[in-house]
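**Student:** Submitted below is the structure of interest, expressed as structure tokens.
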Amino acid sequence: MALTPVPVARKALLDSIPGPTGAETLPLAQCAWRVLAGEVKALRTQPPFANSAMDGYAVRGDEMAEGVSLSVIGESAAGRAYEGAVGPGQAVRIFTGAPMPDGADTILMQEDADGVGSPVIRVRIPPAKGKFLRAAGLDFHAGDVLLSAGRVLDSAALGLAAAMGHPALPVRRKPRVAILATGDELVAPGEPVGRDQIVASNSFSLAALVEKAGGTVLDLGIARDDHADLASKIARASEADADVLITLGGASVGAHDLVQEALTRAGMTLGFWKIAMRPGKPMMTGRLGRMVVVGLPGNPVSSIVCGHLFVLPLIEALLGIADADRDRSIPAILGRDMPGNDEREDYLRSELILTPEGWVATPFDRQDSSMLGTLARAQALTIRPAHAAPARKGDPCHILPLR
């Protein structure tokens, strides 16, 4: 079977989803970092009235000239508007955000007036007509569409939604992601470890990636290398109505690699298998009913690299984020010489340093896919394209940031 290039595999995976998750309406206070399920229109105009951008005096712009004296007839503060009108030769003391009184169209900053606090002030530096006046609707008007479906509700978007008058918002349901570790050699952290066993770590790493991307995790535990146990746990994912099932390990071709066969027996339609990348070659995908299946390699680094390249975009696509398949790499400079590459794209754990010339990425000497310690030290993955020629220190490259 030919190896599938990473971009082709990722696009095929995202194309395989049945559509974004359904919508639910939540109170605004519970919407942080959720994804909008529909467009949001302003329910009000902002600001709803003309107001001052400065502390000073509300005046008539046509009267402004150096040395002009004005009688102060009242005060307008935020939440306490002056109810009268400004006539010729008059001014109203005004504070930032306060409503503009009728008859006034300009703000004289207090720094530009003599006699501040007195019944009569004098213009020292005349403002241009309309200066420091915020018009009603300067920010937005009722009915304006200000937030689109697929927008992640960050702090700015949440603040805007509140200012628009929305106490609740329609958001995408968090994708349910079932994670199943497989293998007789695995034990959970804290359990006794036999001579021929290791502590399972991949499920914790993938759960963190899923939650970071906006999903929710169903931990199916560890399945032994046994068809009945695998079938039981795969059925649990379907019964839980999971949107995605991630299996860890057992997807290769060894005598004890039973995951692909167990999934096929359960009714999975295989999408693709084996990716032109290093680490992560044994990855597979498929569909089991509406559930998307992603079979990740058992090596810890391989599974995490595949998680960044495939699982994060998959969760975003399920949330309706339009550019889920975007290129997440950024340009950098190689910090060491690199040999030429074969038909597989390399993702090399690297140290990252910011210099005046830009980011410098230096791949670590040892890249064994079992070494989590190296991954924890890395700030980025340096991408070496398939069939790349040898490169020298200082040559341009692309990296995938990990932090």
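**Student:** Quick one: angle between helix 6-15 and the longest Cα principal axis of the chain, in degrees between 0 and 90, rounded to 10, please.
**Tutor:** With both axes taken from Cα atoms, the answer is about 70 degrees.
**Student:** At a threshold of 8 angstrom on Cα-Cα distance, excluding pairs fewer than six apart, so keeping six or more, what relative contact order does the chain reach in percent?
**Tutor:** This gives 16 percent for the chain.
**Student:** For the chain, what is the mean residue ellipticity at 222 nm derived from helices alone (per DSSP H run of n ≥ 4: -39500 (n - 2.57); sum divided by total residues; nearest 500 deg cm²/dmol)?
**Tutor:** -5000 deg cm²/dmol
**Student:** Also: If you fit an axis through the alpha-carbon atoms of helix 202-213 and take the longest principal axis of the Cα set of the chain, what angle between them do you get, 0 to 90°, nearest 10?
**Tutor:** Between the helix axis and the principal axis of the chain, the angle is about 30 degrees.
**Student:** Given the options LEU169, LEU218, LEU153, identify the residue whose Cα lies farthest towards the positive end of the charge dipole of region 132-219 (+1 on Cβ of Lys, Arg; -1 on Cβ of Asp, Glu).
**Tutor:** LEU169
**Student:** Also, I was wondering about something else. Probe of 1.4 angstrom, ligands and nucleic acids ignored: what's the accessible area per residue over the chain, in square angstrom?
**Tutor:** 47
**Student:** If you place +1 on the Cβ of every Lys and Arg, -1 on the Cβ of every Asp and Glu, and leave all else neutral, what size is the dipole of the chain about its Cα centre, to the nearest 20 Debye?
**Tutor:** Charge dipole, the chain, about its Cα centre: 300 debye, nearest 20.
**Student:** Using alpha-carbon pairs under 8 Å, 6+ residues apart, how would you state the relative contact order of region 255-366 in percent?
**Tutor:** Worked out over region 255-366, it gives 19 percent.
**Student:** To the nearest 10 square angstrom, what accessible area does LYS11 show with a 1.4 Å probe?
**Tutor:** Near enough 110 Å² of accessible area.
**Student:** On to the next question. Which of the chymotrypsin sites (Phe, Trp or Tyr not before Pro) found in region 31-92 are loop residues per DSSP with 14 or fewer other Cβ atoms within 10 Å of their Cβ?
**Tutor:** The qualifying sites are TRP33, PHE49.
**Student:** Putting +1 on Lys and Arg Cβ atoms and -1 on Asp and Glu Cβ atoms, find which of ALA135, GLY56, LEU400 reaches farthest to the positive end of the dipole of the chain.
**Tutor:** LEU400
**Student:** Next up: Can you list the residues of region 312-356 with backbone N under 16 Å from a point 7 Å past the Cα of ARG392, pointing along Cα to Cβ?
**Tutor:** Correct set: 333-340.
**Student:** Measure off 7 Å from each Cα along the Cα-to-Cβ vector at ASP219 and ASP368, then give the distance between these two points in nanometres to one decimal.
**Tutor:** Taking the simple label geometry, ASP219 and ASP368 are separated by 2.7 nm.
**Student:** With charges only on Cβ, +1 for K and R and -1 for D and E, what is the dipole size of region 74-134 about its Cα centre, in debye, rounded to 20?
**Tutor:** 120
**Student:** Can you pull the percent of the chain's accessible area that's carbon plus sulfur, 1.4 Å probe, other chains left in place?
**Tutor:** 53
**Student:** Could you order the peptides 263-269, 87-93 from most to least packed, using the average number of other C-beta atoms within 10 Å per residue?
**Tutor:** Averaged packing, sorted descending, gives the order 87-93, 263-269.
**Student:** What dipole magnitude, in Debye to the nearest 20, does region 90-215 give about its Cα centre under +1 on Lys/Arg Cβ and -1 on Asp/Glu Cβ?
**Tutor:** In debye, rounded to 20, region 90-215 gives about 400.
**Student:** Looking at region 175-248, send over the antiparallel percent of its DSSP beta bridges, to the nearest 5.
**Tutor:** Close to 0 percent.
**Student:** Report the accessible area of PHE95, computed with a 1.4 Å probe over the heavy atoms of all protein chains in place, in Å² rounded to the nearest 10.
**Tutor:** Approximately 60 Å² of PHE95 is accessible to the 1.4 Å probe.
**Student:** Now for a separate question. Hey, got a sec? Which GluC sites (Glu not before Pro) in region 344-403 land in a DSSP loop and have at most 11 other Cβ atoms within 10 Å?
**Tutor:** Sites meeting the loop and neighbour criteria: GLU357.
**Student:** So, one more: In the chain, with Lys and Arg counted as +1 and Asp and Glu as -1 at Cβ, which of these residues, ILE121, LEU108, LEU354, has the Cα nearest the positive end of the dipole, that is, farthest along it?
**Tutor:** In the chain, that residue is LEU354.
**Student:** Hand me the GluC sites (Glu not before Pro) from region 33-141 located in a DSSP loop with no more than 12 other Cβ atoms within 10 Å, in residue order please.
**Tutor:** GLU66, GLU83
**Student:** Compute the distance in nm between two label points, each set 7 Å from the Cα along the Cα-to-Cβ direction, one at VAL152 and one at ARG44.
**Tutor:** Distance between the two pseudo-spin positions: 2.9 nm.
The values are calculated or read from the model by the stated rules, or taken from the named source; none is laboratory data. In this text the structure is predicted, and so the values were computed from the model without any measurement. Glycine also receives a Cβ, built like all others from the backbone with ideal geometry; neighbour counts cover every protein chain displayed. Note: accessible area is taken over every heavy atom of the protein model, side chains too, but ligands, DNA and RNA are not part of it. Shrake-Rupley method; radii C 1.70, N 1.55, O 1.52, S 1.80 Å.
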